[in-house]
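Worksheet for the structure shown next.
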Amino acid sequence: MLSLRSFFLTAFCAVSFACAAPAFAHEAARVETEVTLNIDGSLDVTHVLQLSAAQRLLFKAGVIETNDMTGLKARAQAALYASNRFELMADGKRIELSILNAELQGGHLYIYQTGALVDTPENWTARNSILRDLSPRFENMVNLPTEDGIQTLVFSGSDIEALETTS
């Protein structure tokens with residue numbers, strides 16, 4: 001009887017953990033950035049921030065006036081904040097990026113930037129401290145196109161701000 005009870009308790013714990021694990025992954029303290037090089041030479045940059053964490057940290061730091069990102073002004077302030085903390089270089093040359101938009105969708109804040117680049121560079125250099133300057137527990141991931149596919153740079157803790165990748 002004791003072993004059957006232990007079995008059911010273990011099974012219950014395993015099922016509970018399996019159901020909870022996706023929630024933990026969803027709430028990871030992370031900012032993800034996707035860089036896309038288009039055929040026409042335009043470069044798209046999309047930063048994805050967890051809305052609740054971004055609101056809380058940006059409000060606490062005084063970047064936004066209220067703990068609410070639904071207003072256009074708050075999203076614009078968040079976009080300016082992010083653009084000042086992200087830099088991209090291709091083969092040693094800084095890429096000028098412009099802010100396109102910031103929108104809320106599915107519990108995330110999406111910040112869009114654009115730039116121009118003709119070819120995939122041999123070397124990418126990135127600087128990304130979005131939310132990491134406000135909370136060191138955050139990790140920043142930058143996905144960059146290379147000739148061999150996508151390469152991801154990860155910034156965490158007290159990493160130096162510039163990392164380089166080679167195609």
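The values are calculated or read from the model by the stated rules, or taken from the named source; none is laboratory data. Computed from a predicted model, the values in this text were never measured in an experiment.
Annotations
- For segment 74-91, the criterion of a residue being over 19 Å from the mean Cα position of the chain (by Cα) and under 18 Å from Val118 (Cα atoms) is satisfied by at least one position.
- Taken across segment 24-31, residues that are modelled with pLDDT under 95 and assigned to a strand (DSSP E or B) do occur, with at least one present.
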